[in-house]
Amino acid sequence: MGRICIFEDDGYRNFLPLVHLRAVFELRFGIDLLFQKIIRRYPGAAMSFFCRDHIASLVAHNHGLPVNDVREEGCLFINARFCLDTNIPLEGDEEIGMVGDSMAYARFGPQKSGRITPVFCLDEGFPEFMRKMNVKVKDCDAFMAEYPWDFILSNPARIGEDFNEMVEGGALRGTMRGEVHPEACVVEPNNVFMGEGSVVYPFSVIDGKSGPVYIGDHVTVHPNSTIQGPVSICSGSKVKAGTRIGGGTSIGEVCKIGGEVEESIVLSYSNKQHDGFLGHSYIGSWCNIGAGTVTSDLKNDYGPVRVRVNGTAVDTGKMFVGLIMGDHAKSGINTMFNTGTVVGTASNIFGGGFPPKYIPPFSWGGAENMETYKLEKALSTARAVMARRGIELSAEEEELLRALFDMTIHERM
């Protein structure tokens, strides 16, 4: 067989706004992205993606793999929200694996593979479709994310699992390919990995005692910083002087991090480089969190946090949930975000007081007033921000942003 299709299903809706400009399998969980974990598990297998039609061209542009290209050949289909504990065999009898009501994977031969992909994003009729396929259905007791906070709260353990896999089964534990200043402190060095070209400046502490610390290539940790595992900091990122990074935090590539960050996931090319607290949060790409911005991740009564998801207030059942912020969003200095706040893609939030707990895409303002962020101004800002990293706003992403602006007019009204 030898072919794998990584797909997103109708569950993508629960991960908006994080997936307005990406597929679910492009989200970070642990050290790397969801689809990268599957590629790592199946070296040499032919890979393809299946996602919503309107983001397919951007996904193809970003990764250069076949997208929504239905092949009449045998294939193992893997749901992006399903995190493998052990590899599912590429070869074997036709089979559908289920976690609750969601299809986690499906292994089909040539006759069925070309018929299944169009139903991935259609939850209506899916049970009937499976019945007609007439193959064995297996219940799986495994992790299947339903909401962003599932990734946030499971991230500490996932960092540890990825660490063991990515440092070649533990063979590279304690490997320091960069430069650690003699007056920096590395606690439990066997639980730390640092890539080439990375630098740890004096009086910083890298603490692997409570979990592994993974530092990619060309990462700079400035003086007086504390990093307490499990933590992942990907290549090209900078940890500003005096930063405190707590366990369960994953930082993507080319980010700037400062202040206090705890149990949060930050996607690539985002900045939170000033004082202020970010906790139990999930931040998209190309975001900038202004100086003094703070997030609440715990209610005063210690009760469960409610988050608006796909137009409905959802009781998370969790005590700790902070901020969920879509790509290209910004916050001004001293902005305050309440527990369970959702900030839409390409929004610009500022001013005193707590802004609303749900902020639609392309919003401009704060607690006192909220209006539409003009599309051309938002695009101009995106181009300027990306140019600072030597990256152009692609035609595919611009087209998607323009479409998103039109699709969400009713939310801003």
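The values are calculated or read from the model by the stated rules, or taken from the named source; none is laboratory data. This structure is a prediction, so every number in the text was calculated from the model and none was measured. Note that we place each Cβ from the backbone using ideal geometry, even for glycine, and neighbour counts take in every protein chain shown.
Remark: pairs (first residue in the range 339-357, closer than 18 Å to Asn288 by Cβ; second residue acidic (Asp, Glu) and in a loop (DSSP other than H, G, I, E, B); Cβ separation under 8 Å; 6+ apart in sequence or on different chains) = Thr345/Asp327; Ala346/Asp327; Gly351/Glu368. Scan the range 168-183 for residues that are hydrophobic (A, V, I, L, M, F, W, C) and buried (at least 19 other Cβ atoms within 10 Å of the Cβ) and report the count. Of the residues in that region, 1 qualify. Go over the candidates Gly247, Gly236, Gly259 one by one and state the one that is crowded, with 21+ Cβ neighbours inside 10 Å and of a type outside the set (S, T, N, Q). Just one listed residue meets the conditions, Gly259. The set of residues in the range 1-55 that are of a type in the set (Asp, Glu) and over 29 Å from Glu94 (Cβ atoms) contains only Asp32. Just to verify a result, which residue in the range 51-67, among those that are outside any helix (DSSP H, G or I) and more than 18 Å from the chain's Cα centre (by Cα), is surrounded by the most Cβ atoms within 10 Å (Cβ to Cβ)? Per the stated criteria, the residue is Val67.
Of the strands (runs of 3 or more DSSP E) lying entirely inside the range 269-320, the ones with 1 or more residues being among the aliphatic types (A, V, I, L, M) and without any contact (Cβ under 8 Å) to a residue 24 or more places away in the chain are found at 312-315. When Pro118, Pro156 are checked against the criterion of being surrounded by fewer than 16 Cβ atoms within 10 Å (Cβ to Cβ) and either modelled with pLDDT of 70 or more or part of a helix (DSSP H, G or I) (or both), a single residue qualifies: Pro118. The set of residues from the range 27-70 being within 11 Å of Ile4 (Cα to Cα) and polar (S, T, N, Q) comprises just one member, Ser48.
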